[in-house]
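In what follows, a structure is listed as structure tokens, so that the remarks can point back to it.
The values are calculated or read from the model by the stated rules, or taken from the named source; none is laboratory data. What you see is a predicted model; the values in this text were computed from it and never measured. Ideal geometry is used to build each Cβ from the backbone, glycine not excepted, and the neighbour counts take in all protein chains shown. Side chains included, ligands, DNA and RNA excluded: accessible areas come from the protein's heavy atoms. Shrake-Rupley method; radii C 1.70, N 1.55, O 1.52, S 1.80 Å.
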Amino acid sequence: MSATALAPSPFRRQAALPVLAALAFAAFGASAMPARAQLKGLEIVAPANPGSGFDQTSRAVRDALAEAGLASGTQVINVPGAGGLVGLAQFVATPKRNPAMLTIGVTTVGSEITTKSAVSLDSAAPLALLLREYSVVVVPAKSDIRTMADLTERIRRDTKTVTFAVGSTGGIDHVLAGLIVKAVGSDPKAMNAINYAGGGEQLVAVLSGRVTAGIGGAPEFASQIASGRMRALAVSSPDRLEGLDVPTLREAGVDVTFGTWRGLMIQKDADPETKAAMADAIARMVATPAWKAALTQRGWIESYRPADGFAAFLAEQKALMRTSLTDLGLVK
């Protein structure tokens with residue numbers, strides 16, 4: 001299930017740490033920053049179908065760069081398949097005459113681990129982490145489960161009788177369900193997760209009561225929660241989400257913080273000047289009104305980290321996903 005939504009979301013983190021680039025931009029203004037060459041003919045590879053989270057992020061980057069005059073002639077190229085690995089393989093194997101970026105996310109990390117792909121993210125170089133999204137645990141409004149404590153008590157009592165509606169096998173919803181089950185002292189392998197290929201099917205499963213609970217991106221469940229058809233039990237963010245009067249998992253006694261994210265990679269063999277120009281363009285872009293508007297529209301949370309910080313973050317995510325997928329029995 002996609003963790004993004006096209007409609008505006010009321011769910012925003014209450015206290016997001018501002019990035020240095022944004023502070024510098026706000027304090028001194030764009031005119032105080034030295035002029036840099038515009039990226040011309042930039043390619044942004046979205047390794048998924050149009051409308052996906054990867055695609056939406058890629059197009060938001062394209063539009064924000066263009067509006068700020070940081071890039072021109074930018075193309076978004078969709079290369080779907082294998083959770084992003086087909087796009088990754090093509091990106092690292094095809095020499096680029098123009099600047100090029102690849103959008104990746106936690107799905108890419110998970111796919112690399114589960115498929116034991118010969119082409120890994122180590123074949124490319126981190127450019128920047130851009131954004132994060134967090135998930136919400138929900139039940140139908142008619143459920144007798146009123147709180148997260150009610151749900152965790154059922155998990156402890158008999159894990160197999162608790163059914164979770166989640167997205168793809170090994171995807172973010174599935175991994176989060178496993179982390180919750182593990183955190184309350186049960187075995188994720190015993191968890192009864194039902195995978196749904198589409199978000200609509202997942203919503204129907206929750207609303208109809210065919211499952212005990214559902215897990216998905218907060219923006220996706222926004223309208224159902226607001227209408228009262230679903231009850232939100234907890235969010236997976238480190239802080240409460242604005243507009244949603246629901247505790248975090250940690251507040252509810254479940255020591256888990258986990259969300260999806262998206263960032264950009266570049267080709268390892270790109271020349272130093274091109275790498276520096278792309279890094280500079282993205283650092284400037286995240287401080288622009290156009291980018292901030294895109295975050296607000298889609299309920300994305302500002303999480304910019306430049307190359308070094310993104311590299312460290314990727315290492316953490318790989319370790320976390322490997323452990324989680326092993327706990328679920330999907331990796332040996």
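For the reader, a short list of remarks on this structure follows.
- Taking every alpha-carbon pair under 8 Å whose residues sit at least 6 apart, the chain reaches a relative contact order of 30 percent.
- Computed with the Debye formula from one identical point scatterer per Cα of the stretch 183-332, without solvent, the log10 of I(q)/I(0) at q = 0.11, 0.14, 0.18 Å⁻¹ comes to -0.62, -0.95, -1.32.
- Kirkwood-based Rg to Rh ratio, the stretch 227-311, C-alpha trace: 1.10
- Under a model in which nothing but the beta-carbon of Lys, Arg (+1) and Asp, Glu (-1) is charged, the chain shows a dipole of about 240 debye around its Cα centre.
- Hydrodynamic radius (Kirkwood) for the stretch 118-194, which is based on Cα pairs only, to one decimal in Å: 14.5 Å
- Rounded to 5, the percent of DSSP beta bridges in the chain classed as antiparallel: 65 percent
- Backbone HN-Hα couplings from phi across the stretch 160-166 [Karplus 6.51/-1.76/1.60, Hz, Gly and Pro as x]: 5, 7, 9, 9, 10, 8, 10
- Entry comment: accessible area of the chain is 42 Å² per residue, from protein heavy atoms only and a probe of 1.4 Å.
- HN-Hα J in Hz across the stretch 319-332 - Karplus 6.51, -1.76, 1.60, θ = phi - 60°, x for Gly and Pro: 5, 4, 5, 4, 5, 5, 5, 5, 4, 7, x, 8, 9, 9
- Under 5 Å between amide hydrogens, built in the peptide plane, is the criterion, and for T248 it picks out V235 among residues at least 5 positions away or on other chains.
- Segments 267-277, 304-314 sorted - mean Cβ within 10 Å per residue, highest first: 304-314, 267-277
- Convex hull volume of the Cα atoms of the stretch 243-292, normalised per residue: 129 Å³.
- Positive minus negative residues near F258 (Lys, Arg vs Asp, Glu; Cβ under 12 Å): -1
- Burial order of peptide ranges 68-80, 169-181 (average beta-carbon count within 10 Å, highest first): 169-181, 68-80
- Cα-based convex hull, the chain, per residue volume (Å³, whole number): 117 Å³
- Partners for K189 among lysines (Cα-Cα distance below 16 Å; same-chain residues under 8 apart left out): K160, K332
- Here's the picture: charge each Lys and Arg Cβ at +1 and each Asp and Glu Cβ at -1 in the chain, and of N78, T163, A232 the one pushed furthest to the positive end of that dipole is T163.
- Amide H contacts of V184 (H built 1.01 Å from N, under 5 Å, at least 5 apart or other chain): none
- Neighbourhood charge, 9 Å Cβ-Cβ cut-off, centred on G178 and excluding it, Lys, Arg +1 and Asp, Glu -1: +1
- From the C-alpha gyration tensor of the stretch 182-271, square roots of 5λ in Å: 27, 18, 18
- Under a 5 Å amide H cut-off, with hydrogens placed 1.01 Å from N, L127 pairs with L264, M265, I266 among residues at least 5 apart or on other chains.
- Karplus-derived HN-Hα couplings along the stretch 71-87 (A = 6.51, B = -1.76, C = 1.60, θ = phi - 60°), whole Hz, x at Gly and Pro: 8, 9, x, 7, 10, 9, 10, 8, 10, x, x, 6, x, x, 6, 5, x
- The stretch 245-273 versus the stretch 99-152: alpha-carbon centroid distance in Å: 8 Å
- What the pair-distance distribution of the stretch 100-257 shows, using all Cα-Cα distances binned every 10 Å from zero, is 10, 39, 34, 14, 3, 0 percent.
- For the stretch 68-169, the Stokes-Einstein estimate of translational diffusion at 37 °C and a viscosity of 0.692 mPa s comes to 186 µm²/s, using the Kirkwood hydrodynamic radius over alpha-carbon pairs.
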